[in-house]
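All of the numbers you see were taken from the coordinates with simple rules; none came from a lab. All of these numbers come straight from a predicted model, not from anything done at the bench. Note that each Cβ is placed from the backbone with ideal geometry, even for glycine, and that neighbours are counted across all protein chains shown.
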Amino acid sequence: MQIVLQQIINALSLGSIYALLALGYSMVYGIIKLINFAHGDIYMLGAFFAYYAISLWHFNFITALLSAMIVGAIAGVVIEYFAYRPLRKSPRIAVLITAIGVSFLLENGMSYLVGSNARSFPQVMEQVNYNIGGVIISNVQVLILATALVLMLLLQVIIKKTKMGRAMRAVSVDPDAAELVGVNVNHTISFTFALGSALAGAAGVLIGMYYNQIDPLMGMTPGIKAFVAAVLGGIGSVPGASLGGFLIGILETFFQSIGLSAYKDAVVYFVLIVILLFLPAGIFGKNTKEKV
């Protein structure tokens, strides 16, 4: 029982990070029907900015997190403005290829600027382990989970209770009708990218604390896993993306706990295939008919 509880704690910590990443995928898809494959690399940018902020400028956790979120938001807005906005009326395949190109540009650009070697993420706080009934919980795990949950709640408040949140929901339903009633579609899409990319920047800081290691290619695999989480929960659904992230974290931790850590990535991709075959709309998604 203690082993099961220990693995649940580990899974929730990891799953909360995947959930933050998946939220960005889901929001962007919900508003402009784009799979932003550069999203995982914004998470990498957030991790690297926090690395330098903590190492060189001695930022604490809160300031490092907020600054990484700001950098992520700026990166997301710039990418949307220069890479995606000019192609908004183009075929989806053109935008998809552009997203993949932006992803490779960010990865190789960072490899050129800082080198491709992995580096240790600086500790922003001394790790303290608590033994609760035989289950070991660290203050870092608690901080990661609490931070992720607070950010998810803030996102829900923004979407449900603010004027910009109402604009986001209107644009996701019908951009043309939203524009007719006075919604600035371009600003709303840019805000959505900023919001999703800020969460990715925060996830980069949290993953650096979780694994204590970062590198320029660190966004590729977690980005794809977060995409699987978004599809699992229902792409375009914010609650679904959160649930999908936690489920992927649980699945990955389970396979690590039974000695199959070498296959943890393959299992996630297998789950994607199963979802697309039997539940293509995801857990919270809705089946919609499209005219072709």
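Label sites at Glu126 and Phe82, each approximated as a point 7 angstrom past Cα along Cα to Cβ, lie 4.4 nm apart.
With both labels modelled 7 Å from their Cα along Cα-to-Cβ, the Tyr269 to Val173 distance reads 4.0 nm. For the chain, the longest principal axis of the C-alpha atoms and the axis of helix 220-233 are separated by about 70°.
Axis angle, to the nearest 10 degrees, between helix 238-257 and the longest C-alpha principal axis of the chain: 30 degrees. In this Cβ point-charge picture (+1 for Lys and Arg, -1 for Asp and Glu), region 158-292 has a dipole of about 440 debye about its Cα centre. On the basis of the beta-carbon distance and an R0 of 45 Å, Val135 and Val181 show a calculated FRET efficiency of 0.30.
With contributions of -39500 (n - 2.57) from each DSSP H run of at least four residues, the per-residue ellipticity at 222 nm computed over the chain stands at -24500 deg cm²/dmol.
Amide H to amide H, with H built 1.01 Å from N, Gln213 comes under 5 Å of Phe121, counting only residues 5 or more places away or on other chains. Which longest uninterrupted range of the chain lacks any trypsin sites (Lys or Arg not before Pro) assigned by DSSP to a loop state (not H, G, I, E or B) and surrounded by at most 15 other Cβ atoms within 10 Å? Of all site-free stretches, the longest is 90-285. Divide the volume of the convex hull around the Cα atoms of region 1-104 by the residue count and you get 134 Å³ per residue.
Would you mind classifying region 162-273 by shape? Square roots of the alpha carbon gyration tensor eigenvalues, ordered a ≥ b ≥ c; an a/c under 1.5 is rounded, otherwise it is prolate if a/b is larger than b/c and oblate if not. Because a/c hits 1.5 or more and a/b exceeds b/c, region 162-273 counts as prolate. Reported to the nearest whole Å, the Cα centre-to-centre distance from region 1-59 to region 234-287 is 15.
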